[in-house]
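*Asks:* My questions will all concern the structure given below.
The values are calculated or read from the model by the stated rules, or taken from the named source; none is laboratory data. Not measured: the values here are computed from a predicted model. Positions of Cβ are generated from backbone atoms using ideal geometry, with glycine treated the same way; all protein chains shown enter the neighbour counts.
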Amino acid sequence: MTSALKAIVSLVAASVIWGLSSIYYGQLTHVPPLEVLCHRTLWSAVLFCAVIAMQGRAGELRQAMTNRKQAPMIFGAAIMIALNWFGFIFSISNGHAVEASLGYYIFPMVAVLLGRVLLAERLTAGQMRAIAVAVVGVVVLAIGLGVAPWIALWLAGTFGGYGVLKRKLGLGPVLSVTAEVAFLAPLAAMWLLARGHWDHDAGTWALLVFSGPLTAIPLILFSSAARQVRLSTVGLVQYVNPTIQFFVATLFFREPFSRWHAVAFVLIWVAVALYSRDSIRQDRAARKRASSAGTSGTTVT
């Protein structure tokens, strides 16, 4: 198996784990979402810090967390990812898994829009069309259901904001996530000591503790593999996650799926297709420019 194929397999494996994680958290609906979040944060911190220590990067972690410029952005990213994790856990506990999948479908377009608003990044015509179609899909669902899909918007917004902060931060994915959960871990531990339940059965405790590896393993797989394949490939593979979430929600959890959901999701899938096509074109154009620059830079001796 070539290194590129191994990388793609790792990307798909990470996305499948994320997609199926809704089934996992569906086994914890008897535990309050905030308590599940605290356990996920605490056990993630333990595992990520162990990985960083084994890599001999504890000094880098300490430097990032004490840097006056980086620390506030790391803490901001930590708040964003905690809000995102809570929104996902809450959606599974309260029968909104379909809406959660919608949130992760529209997240890339929300991230691009936030990049335009907050970082003054330019939008391509393809991105603008994709965002417009996605907005129509969300509006259709809001009109049909009589209420805005707040969970989807919450998940897309918090994850989009997280992405914007990560771009400004400039740290590697594993190091930055470790710093984020390290900031959050003391807060999670204090909440668990003050408000947590300690009378769970062994099966529940196992699920709570393993939420740490369930968080860390796919992220490590994804982050290491994403460096070895084209950005367009990463962009396409990331839609495996919400697609699996969607089928889990409708087929496994048996959540209601009305005609308004159907119309909205068709529009969202059209938006995803437009966005993906634009990403592929941008990737090809960038590789072509890089190839041209490399050719023009050679000399004949």
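*Asks:* Of the residues Phe265, Phe222, only one is assigned to a helix (DSSP H, G or I), surrounded by 15 or more Cβ atoms within 10 Å (Cβ to Cβ), of a type in the set (Phe, Trp, Tyr) and at pLDDT 90 or above; which?
*Replies:* Going through Phe265, Phe222 in turn, just one is assigned to a helix (DSSP H, G or I), surrounded by 15 or more Cβ atoms within 10 Å (Cβ to Cβ), of a type in the set (Phe, Trp, Tyr) and at pLDDT 90 or above: Phe265.
*Asks:* Pairs needed: first member in the range 220-238, more than 11 Å from Val9 (Cα to Cα); second member anywhere, at pLDDT 75 or above and not in a helix (DSSP H, G or I); C-beta distance under 9 Å; at least 6 residues apart or different chains.
*Replies:* Ser223/Gly172
*Asks:* Moving to a separate point now. Working carefully through the options Ser3, Ser93, find the one that is in contact (Cβ under 8 Å) with a residue 24 or more places away in the chain, polar (S, T, N, Q) and under 30 Å from Ser276 (Cβ atoms).
*Replies:* Ser3
*Asks:* Which of the residues spanning the range 42-87 are part of a helix (DSSP H, G or I), farther than 30 Å from Ala100 by Cβ and free of Cβ contacts under 8 Å to residues at least 12 places away in the same chain?
*Replies:* Once the filter is applied, which keeps residues that are part of a helix (DSSP H, G or I), farther than 30 Å from Ala100 by Cβ and free of Cβ contacts under 8 Å to residues at least 12 places away in the same chain, the range 42-87 yields Ala53, Met54, Ala58, Gly59, Arg62, Gln63, Thr66, Ala71.
*Asks:* Taking Lys168 and the conditions (1) over 18 Å from Leu37 (Cβ atoms); (2) surrounded by 23 or more Cβ atoms within 10 Å (Cβ to Cβ), which numbered condition does it fall short on, given that it satisfies the others?
*Replies:* (2)
Residue-wise test of (1) hydrophobic (A, V, I, L, M, F, W, C); (2) surrounded by 22 or more Cβ atoms within 10 Å (Cβ to Cβ); (3) on the phi > 0 side of the Ramachandran plot; (4) in contact with a strand residue (DSSP E or B) (Cβ under 6 Å, 6 or more places away or on another chain).
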site	(1), (2), (3), (4)
Leu34	yes, no, no, no
Arg40	no, yes, no, no
Trp43	yes, yes, no, no
Leu47	yes, no, no, no
Ala50	yes, no, no, no
Ala53	yes, no, no, no
Gly56	no, no, yes, no
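*Asks:* Which ones in the range 39-67 are among the hydrophobic types (A, V, I, L, M, F, W, C) and closer than 28 Å to Tyr105 by Cβ?
*Replies:* Phe48
*Asks:* Same structure, new question: Could you tell me whether Asn84 is closer than 22 Å to Ala179 by Cα, among the polar types (S, T, N, Q) and surrounded by fewer than 23 Cβ atoms within 10 Å (Cβ to Cβ)?
*Replies:* It is true that Asn84 is closer than 22 Å to Ala179 by Cα, among the polar types (S, T, N, Q) and surrounded by fewer than 23 Cβ atoms within 10 Å (Cβ to Cβ).
*Asks:* Okay, moving on. Just for the range 225-262: of the residues that are among the polar types (S, T, N, Q) and not in a helix (DSSP H, G or I), which one is surrounded by the fewest Cβ atoms within 10 Å (Cβ to Cβ)?
*Replies:* Restricting to residues being among the polar types (S, T, N, Q) and not in a helix (DSSP H, G or I), the top hit is Ser258.
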